[in-house]
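Have a look at the structure below, then the notes.
Where a number appears in this text, it was derived from the coordinates with a stated rule and is not lab data. All values derive from a computational prediction rather than experimental measurement. Using ideal geometry, Cβ is built from the backbone for each residue, glycine included, and neighbour counts are taken over all protein chains shown.
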Amino acid sequence: MADVSVLYTFFAGVISFLSPCVLPLVPGYISIVSGVSLDQLKAESENKLFMKAVVLNSIMFIIGFSITFIMLGAAATTIGQALASQKRLFGQLAGLLLIVFGIHLTGIFKIKALYQDKRFNSVQKPRGLLGALVLGLAFAFGWSPCIGPVLATVISIASTKDTVGQGVFLLAVYSAGLGLPFLLTSLGLNRFLAFYARFKRHFHTMEVVSGVLVIAVGVLMITGKMTELNSWFAFLNRFAL
């Protein structure tokens, strides 16, 4: 059976993209990354040369925030290995923190600090691919507080891996789950805006579902039964290549 934690992690990236603190801002991010206005993006959607430049900038932006998240994964795995002798206690503390984050997502109570994302409203539009890459590196830190509960779940799973390479791979998968929808949006902004108009009414449901999943992983970490994640999400194997 495929490693379900990988599929779960990709799904977590998609959930992060659909969260209320990312999804509404995606068109603005694409505008900043591409260096043109939203009106121009919508008007030039059939211009292949123009869209090629937008997509290339978006890819560099995705690579930028992926680098940041992957570094977090590497750090988490390294710390997890260093604390191997206290693995049980470390897992229980991480699980308790995840449960608190999950309760926050469900709306039972809110942690105000997790809404204080940095949106870089005053940032200048980048010049070229390097500028888009640098913005991706920076925006990852801006997103982190608001997508913190889901991201913390993935980092906690990464911390339990045996090698740094496994932790890095896990965060790369998470970044792919977050980045692929972003790339698709840059390819079809008009379709995205139509989708957003329909989807935004489901934001609270998405938060509750995310919260329940985060709480579940927290409970598994506290009880030392992370391997049960495989049986819970075994149905995802049908989507594996």
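The table below gives the values:
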quantity	calculated
Extension gain from Val100 to Gln40, taking 0.36 nm per residue of separation minus the Cα-Cα distance	17.3 nm
Fewest-first ranking of Tyr174, Tyr8, Tyr196, using other Cβ atoms within 10 Å as the exposure measure	Tyr196, Tyr8, Tyr174
Burial order of peptide ranges 214-220, 32-38, 154-160, 184-190 (average beta-carbon count within 10 Å, highest first)	154-160, 214-220, 32-38, 184-190
Pairwise label distance in nanometres, Ile63 with Asp162, each label 7 Å out on the Cα-Cβ vector	3.2 nm
